[in-house]
1. Percent of alpha carbon pairs in the range 13-146 separated by more than 21 Å?
2. Given Cβ point charges of +1 (Lys, Arg) and -1 (Asp, Glu) and nothing else, what value in debye, to the nearest 20, does the dipole of the range 13-146 about its Cα centre take?
3. Setting aside same-chain residues fewer than 8 positions from LYS39, which aspartates and glutamates have a Cα under 13 Å from its Cα?
4. What do you get for chymotrypsin sites (Phe, Trp or Tyr not before Pro) in the range 1-106 restricted to DSSP loop and a cutoff of at most 14 other Cβ within 10 Å of the site's Cβ?
Amino acid sequence: MGEDTQALSLENICMVDGSWTYTDQFSGIRSVWKDDRGKIQLIGTRNLRRRETSLHSELEALRWTMESMLQHSTCQRFETDCKDLIAKVVDPQAWPNFSTELEVIQLFKMCFPDFKIEYFPRVQNGIADSLARNARSFHRPLCFVGYSISVWLPRPLQI
């Protein structure tokens with residue numbers, strides 16, 4: 001009998017991140033969609049008027065990313081470095097202070113038949129983290145979705 005070999009099968013993933021400080025005018029959000037080979041297919045970065053808290057920024061990043069994925073991809077798997085965000089999405093009734101934001105997320109979840117949200121450590125997500133911080137510090141409104149980083153956006157570190 002021959003040896004059974006198991007092929008490594010990666011899934012499409014979309015990494016989500018929000019960036020917030022009390023002093024900045026904007027919150028930054030970003031997403032990076034990678035295909036099943038780990039190749040970046042789409043990058044999104046945006047800033048919004050500063051949200052109430054960092055968790056509000058993380059929720060807004062997920063909402064915007066889910067909306068973008070519905071337009072550009074069949075991606076069902078989302079990753080974040082925010083464990084509190086995952087807890088809120090998994091059990092929205094336990095978080096009444098975020099009910100408005102979570103209601104929108106729950107509506108979007110219905111559009112993804114196999115929705116998953118998982119933890120992804122920040123140290124393994126340098127591109128997305130850097131894009132979110134850069135968007136936050138941009139001094140005018142910013143919204144960018146594309147297949148490569150625009151020349152006017154600072155280049156994030158490659159990991």
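1. Result for the distance tail: 35 percent.
2. 400 debye
3. GLU11
4. TYR22
Bear in mind that the values in this text are calculations on the coordinates, not laboratory data. From a predicted model like this one, the values you see are computed outputs, not experimental measurements. As a convention, Cβ positions derive from the backbone with ideal geometry for all residues, glycine included, and neighbour counts pool all protein chains shown.
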